[in-house]
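Peer 1: Quick one: this structure, given as structure tokens, is what I'll be asking you about.
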Amino acid sequence: MDRFFIRLFVALLSVMVCFGGKAGKPGRDYATPRSGQAKWVSPKGNIYEGRWRDGDLPRGKVTMADGVYEGDLKDLILDGYGVMTYRNGDVYRGQWRGGHKNGLGRFEKKNGRIDFGHWKNGKQVVQKGKRFRHEDFVYGIDLSHHQQPGRIDWKRLAIKCDEQGNIGVGKRRNQKFLHPVSFVYVRAVFGTKPDKTFKTHVANARRHGVSVGAYHFFSIYSDVDSQIETFKKAYKREPGDLPPVLDLENEKEGDLKGYERALRKHGVKKMQNDVLKWLKAIEKHYGVKPVVYTRESWMRDFLDNRQIKSYPLWLARYHNVRPRRDDWIFWQMSDNVFPTGYNSNIDVNRFNGNNGEFVKYLNKQK
């Protein structure tokens, strides 16, 4: 009889090893899927879905009584970066620890309100003196190979501002508050040369709930048909992405006059015809109207073309000086802003509208 029970115990132990979780972990006296893609229901009724590894789920989807969570886990507890969509329609995107909001996060309420900042044990750390509403501002950044992906900490990435919500240029002591990074434009191609950091930047932004767009730096030194095909190959657009952008500016960094002479020699009219060819081809391919990025002076001197002017605009004008014209979608307001989560200066852009209008704008791009 003793041998029978010993054999039974060994058999049960083998089953637990093959199909169950690791032994000895706190609160883990139950069997979880061992490895591979699987769905599992906990004793409390929570549904865990994802790719299991050695009886644990490092990242996945958890359906529970108060909502659905997608993100990092530790011992089946919400821990790391994740997005919680609550039953009432509220959404929290940010850091978790031990099952509670902990760290930098963005809480989007169903009524349109946005709470952004640091959280501790499930409660937001309130900063005194704040005189602005996060939902009234929509800021983003643009990236290329100049910003190496490994230097950006997306978990800490935020734009600093003063008590009125204003973003200052450079490093300023009065920037004690934070704005979320709501969108990012990433350079996909320069002429016919794909940007090697494009896919990594895009993947990191998507994983952290930041709206994504791709831009193409136009070159007069490359065949326009080749530029079109290179961009189409580099960028696989997803529904809800921002519209593609054609970047029109000086190609020779530090030598504006030299490039302008080369452009006039090349032919401004020829450049405009190639620009229109790119815009029309990209609109046909992706089914959305592209945006033209440029400076007001560049628009005046080289883009005086009725058809080009019919496209939405992303205008660059620095030092917090708004563009003279109001028909812009995005405004690149500075290239000298120091955010949290990045150890250098970066380009910061503003959407022409509040968060509600930004969401409607994104929905139109689907």
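Peer 1: Within segment 65-122, track down each residue that is in contact with a His (Cβ under 6 Å, 6 or more places away or on another chain) and surrounded by fewer than 17 Cβ atoms within 10 Å (Cβ to Cβ).
Peer 2: Passing the criteria: Asn121, Gly122.
Peer 1: Could you grab the pairs with beta carbons closer than 6 Å, sequence gap of 6+ or different chains, first residue in segment 190-208 and over 12 Å from Ala234 (Cβ atoms) and of a type in the set (A, V, I, L, M), second one open to solvent by less than 20 Å² (accessible area, probe 1.4 Å) and modelled with pLDDT of 95 or more?
Peer 2: Ala205/Val184; Ala205/Val212
Peer 1: Which residues, counting only those in segment 249-284, are touching a Leu at 6+ places or on another chain (Cβ under 8 Å), within 20 Å of Ser297 (Cβ to Cβ) and part of a helix (DSSP H, G or I)?
Peer 2: Those that are touching a Leu at 6+ places or on another chain (Cβ under 8 Å), within 20 Å of Ser297 (Cβ to Cβ) and part of a helix (DSSP H, G or I): Met271, Gln272, Val275.
Peer 1: Another one. If Leu242 passes every condition in (1) modelled with pLDDT of 95 or more; (2) not in a loop (DSSP other than H, G, I, E, B) but one, which one does it miss?
Peer 2: Answer for Leu242: the failing condition is (2).
Peer 1: Just to be sure I understand the filter: pairs with C-beta atoms under 9 Å, separated by 6 or more residues or on different chains, first member in segment 30-46 and over 17 Å from Arg59 (Cβ atoms) and free of Cβ contacts under 8 Å to residues at least 24 places away in the same chain, second member assigned to a loop (DSSP other than H, G, I, E, B) and open to solvent by 80 Å² or more (accessible area, probe 1.4 Å). Which pairs pass?
Peer 2: Tyr30/Pro43; Lys44/Ala65; Gly45/Ala65
Peer 1: Right, another one. Taking the residues in segment 304-345 that are in a strand (DSSP E or B), among the β-branched types (Val, Ile, Thr) and out of contact with any Pro (no Cβ under 6 Å at 6 or more places or on another chain) as candidates, determine which candidate is least open to solvent (accessible area, probe 1.4 Å).
Peer 2: In the first step, residues of segment 304-345 are kept if they are in a strand (DSSP E or B); the result is 313-316, 328-337, 340.
When the remaining residues are screened for being among the β-branched types (Val, Ile, Thr), the result is 329, 337, 340.
Okay, now just the ones that are also out of contact with any Pro (no Cβ under 6 Å at 6 or more places or on another chain), so 337, 340.
Working: Val337: 3, Thr340: 31 Å².
My answer is Val337.
Peer 1: Looking at (1) over 16 Å from the mean Cα position of the chain (by Cα); (2) touching a residue at least 24 places away in the same chain (Cβ under 8 Å); (3) not in a loop (DSSP other than H, G, I, E, B), which is the only condition Lys101 fails?
Peer 2: Among (1) over 16 Å from the mean Cα position of the chain (by Cα); (2) touching a residue at least 24 places away in the same chain (Cβ under 8 Å); (3) not in a loop (DSSP other than H, G, I, E, B), Lys101 violates only (2).
Peer 1: Between a residue in segment 121-136 that is more than 11 Å from His179 (Cα to Cα) and any residue that is surrounded by fewer than 14 Cβ atoms within 10 Å (Cβ to Cβ) and small (Gly, Ala, Ser), which pairs come within a Cβ distance under 9 Å, given they are 6 or more apart or on different chains?
Peer 2: Every condition considered, the pairs that remain are Asn121/Gly98.
Peer 1: Just checking, does segment 202-221 include any residue being more than 18 Å from Ile308 (Cα to Cα) and in contact with a Cys (Cβ under 6 Å, 6 or more places away or on another chain)?
Peer 2: Scanning segment 202-221 turns up no residue that is more than 18 Å from Ile308 (Cα to Cα) and in contact with a Cys (Cβ under 6 Å, 6 or more places away or on another chain).
The values are calculated or read from the model by the stated rules, or taken from the named source; none is laboratory data. All values reported here derive from a predicted model rather than from experimental measurement. FYI the Cβ positions are ideal-geometry reconstructions off the backbone, even for glycines, and counts take in every protein chain you see. Accessible surface is based on the protein model in full, side chains and every heavy atom, while ligands, DNA and RNA are left aside. Shrake-Rupley method; radii C 1.70, N 1.55, O 1.52, S 1.80 Å.
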